[in-house]
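Enquirer: Here you go, one structure.
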Amino acid sequence: MNRFPHHMSIALDEARAAAARGEVPVGAVIVDPAGRVVARDGNRTREMSDPTAHAEMLVIRAACGQAGSERLTGHALFVTLEPCPMCAAAIGFARIARLYYGASDPKSGGIENGPRVFSHPQCHHRPEIYDGIAGSDSAAMLREFFASRRD
């Protein structure tokens, strides 16, 4: 699939927009089976005063609303940071087919770090997972954001 760079670049744009709003710079994009972007957003937890308003949750909600279904069979999710356990569970519940993410998250990740949600026997669906897509760009954006908060 040669659309990786394009879709991840959209997620990176959403992460930059989130940072400009004072949010942790994480962006996400959901693509339908035909490769069309059906939802895109960045973190909005502060803006919405909602701890569940992670980029992944927002695009899953929007895509499900458009599809008229709680399932996104055949869809792909591109996100700039390894999803947390909450988002990983939602990805599984939504039956997203493929997950592409950028930077790994040793502190709060739920895929390759932490609880590794998709490796548990209680997990009913495990998407295909591709990590490191634009990972250095995603990690650099996060480092810069948090460094600016410490200054």
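The values are calculated or read from the model by the stated rules, or taken from the named source; none is laboratory data. Please read these numbers as outputs of a predicted model, since none were measured by experiment. Note that we place each Cβ from the backbone using ideal geometry, even for glycine, and neighbour counts take in every protein chain shown. Keep in mind that these areas ignore ligands, DNA and RNA; they rest on the heavy atoms of the full protein, side chains included. Shrake-Rupley method; radii C 1.70, N 1.55, O 1.52, S 1.80 Å.
Enquirer: Quick one: Debye curve from the alpha-carbon atoms of the stretch 94-143 only, equal weights, vacuum; give me log10 I(q)/I(0) at q = 0.16, 0.24, 0.27 Å⁻¹ to two decimals.
Expert: Rounded to two decimals, the profile gives -0.50, -0.95, -1.08.
Enquirer: Still on this structure, I have one more. Starting from the Cα gyration tensor of the stretch 44-129, take the square roots of the eigenvalues, sort them a ≥ b ≥ c, and report rounded, prolate or oblate (rounded when a/c is under 1.5, otherwise prolate if a/b is larger than b/c, else oblate).
Expert: Working: a/c = 1.64, a/b = 1.06, b/c = 1.55.
Oblate is the answer for the stretch 44-129, as a/c is 1.5 or above yet b/c matches or exceeds a/b.
Enquirer: If you count only protein heavy atoms and use a 1.4 Å probe, how large is the accessible surface of TYR130, to the nearest 10 Å²?
Expert: Taking all protein chains as shown, TYR130 has close to 90 Å².
Enquirer: So for the chain, averaging the separation of alpha carbon pairs under 8 Å that are six or more residues apart and normalising by length, what relative contact order in percent results?
Expert: Relative contact order, the chain: 20 percent.
Enquirer: How far is helix 55-67 tilted, in degrees, relative to the longest principal axis of the Cα atoms in the chain, given as a value from 0 to 90 rounded to the nearest 10?
Expert: Compared with the principal axis, the helix lies near 40 degrees.
Enquirer: Moving to a separate point now. What is the stretch 1-76's relative contact order, in percent, from Cα pairs under 8 angstrom and six or more apart in sequence?
Expert: On the way: 130 pairs, mean separation 18.9, N = 76.
Computed over the stretch 1-76, the figure is 25 percent.
Enquirer: Next question. Tell me which residues come under 5 Å, amide H to amide H, from ILE129 once H is placed; ignore anything under 5 positions away on its chain.
Expert: Under 5 Å from the amide H of ILE129 lie the amide H atoms of LEU99, each far enough along the sequence or on another chain.
Enquirer: What is the percent carbon and sulfur in the accessible area of the chain, measuring with a 1.4 Å probe over the protein chains and ignoring ligands? Spell out each step's value before the answer.
Expert: Values: 3880 of 7410 Å².
The nonpolar share, carbon plus sulfur, comes to 52 percent.
Enquirer: Another question, if that's okay. If I stretch the segment between ALA147 and ASP131 completely, what's the gain in nm (0.36 nm per residue apart, minus their alpha carbon distance), one decimal? All intermediate terms of the calculation are to be shown ahead of the outcome.
Expert: Working: separation 16, 0.36 × 16 = 5.76 nm, distance 2.42 nm.
Net length gain for the segment: 3.3 nm.
Enquirer: Give the residues of the stretch 55-69 whose amide nitrogen is closer than 20 Å to a point set 7 Å from the Cα of ARG16 in the direction of its Cβ.
Expert: Output list for this probe position: 55-56.
Enquirer: Is there a quick way to get the dipole size of the chain? I mean about its Cα centre, with the Cβ of Lys and Arg at +1 and of Asp and Glu at -1; what is the value in debye to the nearest 20?
Expert: Numbers: 17 positive and 17 negative charges, 31 e Å.
With only Lys, Arg, Asp and Glu charged at Cβ, the dipole is about 140 debye.
Enquirer: Heads up, I need the accessible area for SER136: 1.4 angstrom probe, whole protein in place, Å², nearest 10.
Expert: 90 Å²
Enquirer: Give a residue-ordered list of calculated ³J(HN,Hα) values for the stretch 36-51 (Karplus: 6.51 cos²θ - 1.76 cosθ + 1.60, θ = phi - 60°; whole Hz; x for Gly, Pro).
Expert: Those phi angles translate into 8, 6, 10, 7, 8, 5, x, 3, 9, 4, 6, 4, 9, 6, 9, x Hz.
Enquirer: Before rounding to the nearest 500, sum -39500 (n - 2.57) across all DSSP H runs of length at least 4 in the chain and divide by the residue total; then give [θ] at 222 nm in deg cm²/dmol.
Expert: Working: 5 runs with 59 residues, N = 151.
The helix contribution divided over the chain gives -12000 deg cm²/dmol.
Enquirer: Take every DSSP beta bridge whose two residues both sit in the chain, then give the antiparallel share in percent to the nearest 5. Each step should come with its number before you reach the end.
Expert: Details: 9 of 18 bridges.
DSSP beta bridges in the chain are roughly 50 percent antiparallel.
Enquirer: Another question, then. Would you work out which of LEU99, MET86, PRO115 lies farthest towards the positive end of the dipole of the stretch 3-126, given +1 charges on the beta-carbon of Lys and Arg and -1 on that of Asp and Glu, about the Cα centre?
Expert: Going by the charge dipole, the pick is LEU99.
Enquirer: Defining a contact as two alpha carbons under 8 Å apart and six or more residues distant in sequence, what relative contact order in percent does the stretch 64-151 show? Could you put the intermediate results ahead of the total?
Expert: Numbers: 157 pairs, mean separation 25.6, N = 88.
Contact order relative to length: 29 percent.
Enquirer: Taking the Cα centre of the stretch 77-151 as the origin, how large is its charge dipole in debye, to the nearest 20, when only Lys and Arg (+1) and Asp and Glu (-1) carry charge on their Cβ atoms? Mind dumping the intermediate values first?
Expert: Working: 8 positive and 8 negative charges, 45 e Å.
It works out to roughly 220 debye.
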